[in-house]
1. Does at least one position in region 145-167 carry a residue that is over 29 Å from residue 203 (Cβ atoms) and part of a loop (DSSP other than H, G, I, E, B)?
2. Any chance region 128-135 includes a residue that's surrounded by 18 or more Cβ atoms within 10 Å (Cβ to Cβ) and either over 19 Å from residue 172 (Cβ atoms) or at pLDDT below 95 (or both)?
3. Only one of these is within 21 Å of the chain's Cα centre (by Cα), under 22 Å from residue 231 (Cβ atoms), at pLDDT 95 or above and not in a helix (DSSP H, G or I): 24, 20. Name it.
4. Out of region 183-207, which residues are part of a loop (DSSP other than H, G, I, E, B) and either modelled with pLDDT of 95 or more or in contact with a helix residue (DSSP H, G or I) (Cβ under 7 Å, 6 or more places away or on another chain) (or both)?
5. From 152, 188, which residue is touching a strand residue (DSSP E or B) at 6+ places or on another chain (Cβ under 6 Å), surrounded by fewer than 21 Cβ atoms within 10 Å (Cβ to Cβ) and in contact (Cβ under 8 Å) with a residue 12 or more places away in the chain?
6. Mind checking which strands (runs of 3 or more DSSP E) fall wholly inside region 282-321 and carry at least 3 residues that are surrounded by 11 or more Cβ atoms within 10 Å (Cβ to Cβ)?
7. All but one of (1) under 21 Å from residue 69 (Cα atoms); (2) in contact with a strand residue (DSSP E or B) (Cβ under 8 Å, 6 or more places away or on another chain); (3) at pLDDT below 95 hold for residue 236, so report the exception by its number.
């Protein structure tokens with residue numbers, strides 16, 4: 001009887017642990033106050049509103065490396081934890097975002113494609129500017145050297161592709177450490193995929209090189225997240241209003257038990273995705289990037305098959321799925337599709 005009671009209590013604990021509040025939400029930015037890039041820019045007014053909200057409601061704003069370290073070491077992430085990340089090292093980070101972040105004393109993480117830096121380009125920051133920000137507390141990570149696609153190319157065999165990827169990452173990593181210090185992007189080593197694109201082979205290979213992969217798919221992260229493709233919510237003008245920001249702040253990781261296929265490169269269009277939930281959830285719904293709802297075939301209480309009713313348009317699209325539990329918590333999962 002005691003053994004059965006112990007097993008019952010353990011199963012309840014395990015079920016609770018799988019959907020514990022050990023979540024963090026990561027946001028991704030590119031340009032600040034540069035209206036000529038509407039798809040990757042956030043207006044300064046929008047950014048200020050977001051920072052004010054984080055401060056007013058006492059969010060834990062962490063460097064992304066701290067969030068990942070907690071996941072790797074199985075340490076509970078406190079509620080209301082957020083990481084702010086920025087890709088590409090554009091100059092508006094220094095001229096616009098940095099003063100605003102510094103005033104709030106918020107840390108942030110910048111993913112740098114290193115080749116353009118130091119060539120007197122007016123579009124990118126200088127190493128001196130980045131050294132200033134690092135002294136303040138900003139952290140810098142790998143975004144490859146040239147910002148080339150890390151997915152295999154048609155004219156490459158496996159050895160050529162691996163050699164190219166290794167060169168892209170090692171050249172960028174070496175430059176970051178030469179310019180910003182030997183401890184830059186270490187423990188954990190982080191890589192943001194250029195264009196947000198990766199295949200299963202890419203994800204496995206960068207893992208073998210010691211990197212945690214950071215994607216551009218949306219959703220929260222938790223101790224159950226796949227460290228080959230951690231999601232982030234993109235903050236561009238159309239998605240950056242304060243109500244959308246607050247909605248995404250409140251999401252939890254829809255940690256699926258199984259996803260088939262894992263591979264983002266589609267074999268047929270529209271692609272079919274089969275998912276298995278960890279536990280039954282209400283209002284399980286999925287959408288393509290345009291916001292159009294996707295038909296869902298329910299196989300069982302936990303299993304679903306998802307397939308868009310129309311052909312997806314390239315070069316990339318997503319199936320984004322959300323659900324709610326009995327406590328009205330919202331869960332979020334996004335699956336990348338690459339259409340070539």
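1. No, region 145-167 contains no residue that is over 29 Å from residue 203 (Cβ atoms) and part of a loop (DSSP other than H, G, I, E, B).
2. No.
3. From the options 24, 20, the qualifying one is 24.
4. Hits for region 183-207 are 183, 184, 185, 186, 188, 193, 197, 198, 199.
5. 188
6. 282-287, 303-307
7. Every condition holds for residue 236 apart from (1).
Every residue, every condition in (1) in the same structural domain as residue 63 (by TED's automatic domain parsing); (2) touching a helix residue (DSSP H, G or I) at 6+ places or on another chain (Cβ under 9 Å), yes or no:
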| residue | (1), (2) |
| --- | --- |
| 241 | yes, yes |
| 246 | yes, yes |
| 264 | no, yes |
| 270 | no, no |
| 299 | no, no |
| 304 | no, no |
| 316 | no, yes |
| 323 | no, no |
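The values are calculated or read from the model by the stated rules, or taken from the named source; none is laboratory data. Just so it is clear, the model here is predicted, and its values are computed rather than measured. When we count neighbours, we look across all protein chains shown, and the Cβ atoms used for this are built from the backbone with ideal geometry, even at glycine.
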